[in-house]
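S.K.: My structure is below; once you've seen it, I'll send some questions.
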Amino acid sequence: LSSMLKANRWQIYFACLLVEAFCGLNYVFGTVSGTYKSKYHLNQDETSRIGAFANLAGYTGIHVGLIYDRFGARPLFFGALFFSISFFLTWGLIKFIDSPKHPEALLTGLYFFQGHAMMFSDIAVMSTLVKIFPKSKGRAVGLAKAFGGLSGSLMNQLYYLTDSVQTLLFLIAVGFSSVNLFAALVYNRDTPDLQLAERRQTDTGKIFGNAYSGMVVLIAVLLTSALLNDALELGLAVRILLSTLVICCFGTIVTYTGTRNDELLENVDTDSDTDVVTAETG
């Protein structure tokens, strides 16, 4: 299937941005933890331990790096997809089970696997971007990590719109699994941009500069939305308007980068400051 898709590196970047937008879901814990405390009568220490285990799993990735070195990024996306079951189980627990035995242990285990899922995704994305943007790796990774950092704000926007933790958990589960499946299918180690015989260059600086400008607008809209939702009792129409603005800004950035294409040039200077992408031998 991947050979049929023939994704270029910008389309792979598009998929990576979508994945990275779900790699900082630990920032959403503050939004949903209140529901856990009230529903299952947890104290603050018990709730904090749940979040701590998610962070522990999310930052222990040596073994995942070894998997990438041996097999590449695609198994990591599928690994994240496998661990995404924990997101659906968390939603099912909150929606259907009112009095489980040992709720703290259940949530701690589920959040541990959620952290592991995000770590699989994050390593797959970062390693891929460094490989396909060898001359612009800092800008490529920086923009992607910005999306990861804004994960909490993006997901909170869904919460402002739905005003339901259960709905938010379900949307997160569907979204996380969907973007990782998409990335696993789009990622192609034989993409034309990575073939040894080809040399491509494009004005990546201008592309990333435009994307960063869009990111500033997105941050401004998210900040405005958060302040208004915290300070005022907004009506549904206003919340829909703000959510639409966020979606438009987010969609514009990822679509803009995903629809770029490198021009194939003859006799490209490999010492140029612009990107020259070649495949690793072997």
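S.K.: What is the number of the single condition among (1) closer than 14 Å to residue 109 by Cα; (2) buried (at least 19 other Cβ atoms within 10 Å of the Cβ) that residue 40 does not meet?
M.R.: (1)
S.K.: Then there's this: Report yes if some residue within segment 23-41 is small (Gly, Ala, Ser), at pLDDT 95 or above and not in a helix (DSSP H, G or I); otherwise report no.
M.R.: Checked against the condition, which is being small (Gly, Ala, Ser), at pLDDT 95 or above and not in a helix (DSSP H, G or I), segment 23-41 yields no hits at all.
S.K.: Here is a further query. What's the number of the condition residue 127 fails, among (1) crowded, with 19+ Cβ neighbours inside 10 Å; (2) within 22 Å of residue 257 (Cβ to Cβ)?
M.R.: (1)
S.K.: Is it the case that segment 181-189 has a residue that's of a type in the set (Lys, Arg), open to solvent by 30 Å² or more (accessible area, probe 1.4 Å), assigned to a helix (DSSP H, G or I) and farther than 22 Å from residue 38 by Cα?
M.R.: Taking segment 181-189 and keeping what is of a type in the set (Lys, Arg), we get 189.
Okay, now just the ones that are also open to solvent by 30 Å² or more (accessible area, probe 1.4 Å), so 189.
Then keep just the ones that are assigned to a helix (DSSP H, G or I); that gives none.
No: segment 181-189 contains no residue that is of a type in the set (Lys, Arg), open to solvent by 30 Å² or more (accessible area, probe 1.4 Å), assigned to a helix (DSSP H, G or I) and farther than 22 Å from residue 38 by Cα.
S.K.: For segment 69-105, what are the residues that are free of Cβ contacts under 8 Å to residues at least 40 places away in the same chain, assigned to a helix (DSSP H, G or I) and either more than 18 Å from residue 170 (Cβ to Cβ) or of a type in the set (Ser, Thr, Tyr) (or both)?
M.R.: 69, 70, 71, 75, 82, 86, 105
S.K.: Mind checking which residues of segment 43-68 are open to solvent by 80 Å² or more (accessible area, probe 1.4 Å) and either touching a residue at least 60 places away in the same chain (Cβ under 8 Å) or within 18 Å of residue 16 (Cα to Cα) (or both)?
M.R.: Hits for segment 43-68 are 53, 59.
S.K.: Can you work out which of the residues in segment 146-155 that are in contact with a Leu (Cβ under 8 Å, 6 or more places away or on another chain) and in a helix (DSSP H, G or I) is surrounded by the most Cβ atoms within 10 Å (Cβ to Cβ)? Walk me through how you get there before you give the answer.
M.R.: First pass over segment 146-155, keeping only residues in contact with a Leu (Cβ under 8 Å, 6 or more places away or on another chain): 147, 150-155.
Keeping just the survivors that are in a helix (DSSP H, G or I) gives 147, 151-155.
Numbers: 147: 24, 151: 20, 152: 18, 153: 19, 154: 21, 155: 22.
Looking at residues that are in contact with a Leu (Cβ under 8 Å, 6 or more places away or on another chain) and in a helix (DSSP H, G or I), I get 147.
S.K.: Something else about it: How many of the residues making up segment 227-256 are touching a residue at least 24 places away in the same chain (Cβ under 8 Å), open to solvent by 30 Å² or more (accessible area, probe 1.4 Å), within 26 Å of residue 142 (Cα to Cα) and among the hydrophobic types (A, V, I, L, M, F, W, C)?
M.R.: Matching residues across segment 227-256 total 2.
S.K.: Given the options 77, 83, name the one that is crowded, with 16+ Cβ neighbours inside 10 Å, more than 15 Å from residue 115 (Cβ to Cβ) and not charged (D, E, K, R). Talk me through it step by step, then tell me what you get.
M.R.: Values: 83 fails: more than 15 Å from residue 115 (Cβ to Cβ).
After applying the criteria, what remains is 77.
S.K.: Please verify whether segment 156-170 includes one or more residues that are within 17 Å of the chain's Cα centre (by Cα), modelled with pLDDT of 95 or more and either open to solvent by 10 Å² or more (accessible area, probe 1.4 Å) or among the basic types (Lys, Arg) (or both). First the steps, then the outcome.
M.R.: Residues of segment 156-170 that are within 17 Å of the chain's Cα centre (by Cα), as a first pass: 156-158, 168-170.
Filter once more, keeping what is modelled with pLDDT of 95 or more: 168-170.
Within this subset, residues satisfying the condition of being either open to solvent by 10 Å² or more (accessible area, probe 1.4 Å) or among the basic types (Lys, Arg) (or both) are 169-170.
Within segment 156-170, one or more residues are within 17 Å of the chain's Cα centre (by Cα), modelled with pLDDT of 95 or more and either open to solvent by 10 Å² or more (accessible area, probe 1.4 Å) or among the basic types (Lys, Arg) (or both).
S.K.: Looking at segment 129-145, I want the residues that are among the polar types (S, T, N, Q) and have a partner that is outside any helix (DSSP H, G or I) and open to solvent by less than 30 Å² (accessible area, probe 1.4 Å) with Cβ atoms under 6 Å, at least 6 apart or on another chain. Which pairs are those?
M.R.: Pairs that qualify, where the first residue is among the polar types (S, T, N, Q) and the partner is outside any helix (DSSP H, G or I) and open to solvent by less than 30 Å² (accessible area, probe 1.4 Å), are 136/275.
S.K.: Looking at segment 80-114, which of its residues are at pLDDT 95 or above, over 17 Å from residue 25 (Cα atoms) and small (Gly, Ala, Ser)?
M.R.: Result: 92, 105.
The values are calculated or read from the model by the stated rules, or taken from the named source; none is laboratory data. Keep in mind the model is a prediction, meaning the values are calculated, not measured. Counting neighbours? That spans all protein chains shown, and the Cβs are built from the backbone with ideal geometry, glycine included. Calculation scope for accessible area: heavy atoms of the full protein, side chains included, ligands and nucleic acids excluded. Shrake-Rupley method; radii C 1.70, N 1.55, O 1.52, S 1.80 Å.
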